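Beneath this line is the structure, given in structure tokens, with notes to follow.
No value in this document is a laboratory result; all are computed from the given coordinates. All of these numbers come straight from a predicted model, not from anything done at the bench. When we count neighbours, we look across all protein chains shown, and the Cβ atoms used for this are built from the backbone with ideal geometry, even at glycine.
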Amino acid sequence: MDTNNSIQEIKIEIKEVNQRIDKIENSIQSIDKHLAVYNEQLTYHIKRTDLAEKNISLIKEELKPIQNHVLMMQGAFKLFSIILMVAGLLYYVVSIIRG
């Protein structure tokens, strides 16, 4: 009888182990499905990131002439301001000399 009971207990344990293995396999299959979806999403986001980086590069290239123009206008404004200050100073000095 002990042998029969031992065999029955072993069969029950094997059945429980098989059930646990089945649960693990189901979990792995579920994880694999999620990974496949995540890979698709990652590929999509990588493409979008690449496109965004290309667009940023294009915009930077398009803005260079505008930046150069802004710098030129700032320089011209500074020069004009200096000329006006010198003209004002000369006018003030001449008006003092004339009395």
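Angle check, please: helix 2-98 long axis (alpha carbons) against the longest principal axis of the chain (alpha carbons), in degrees 0 to 90, nearest 10.
0 degrees
For Lys47, which aspartates and glutamates qualify as cross-link partners when the Cα separation must be under 17 Å and same-chain residues fewer than eight apart are set aside?
Straight-line reach from Lys47, under 17 Å: no aspartates and glutamates qualify.
Run the helix sum for the chain: -39,500 (n - 2.57) per DSSP H stretch of 4+ residues, divided by residue count, reported at 222 nm to the nearest 500 deg cm²/dmol.
-37500 deg cm²/dmol
Taking a cut-off of 13 Å between Cα atoms, list the aspartates and glutamates near Lys33, but don't count ones fewer than 8 places away on the same chain.
Glu25
Run the simple label-point estimate for Ala36 and Val86 please: 7 Å along Cα→C-beta, distance reported in nm.
For Ala36 paired with Val86, the spin-label model returns 7.8 nm.
Using the Kirkwood radius built from alpha carbon pairs, what does the Stokes-Einstein equation give as D for the chain at 37 °C and 0.692 mPa s, in µm² per second?
The Stokes-Einstein estimate is 147 µm²/s.
Going Cα to Cα from Lys60, which aspartates and glutamates come in below 20 Å? Please leave out same-chain ones fewer than 8 positions away.
Output for Lys60: Asp50.
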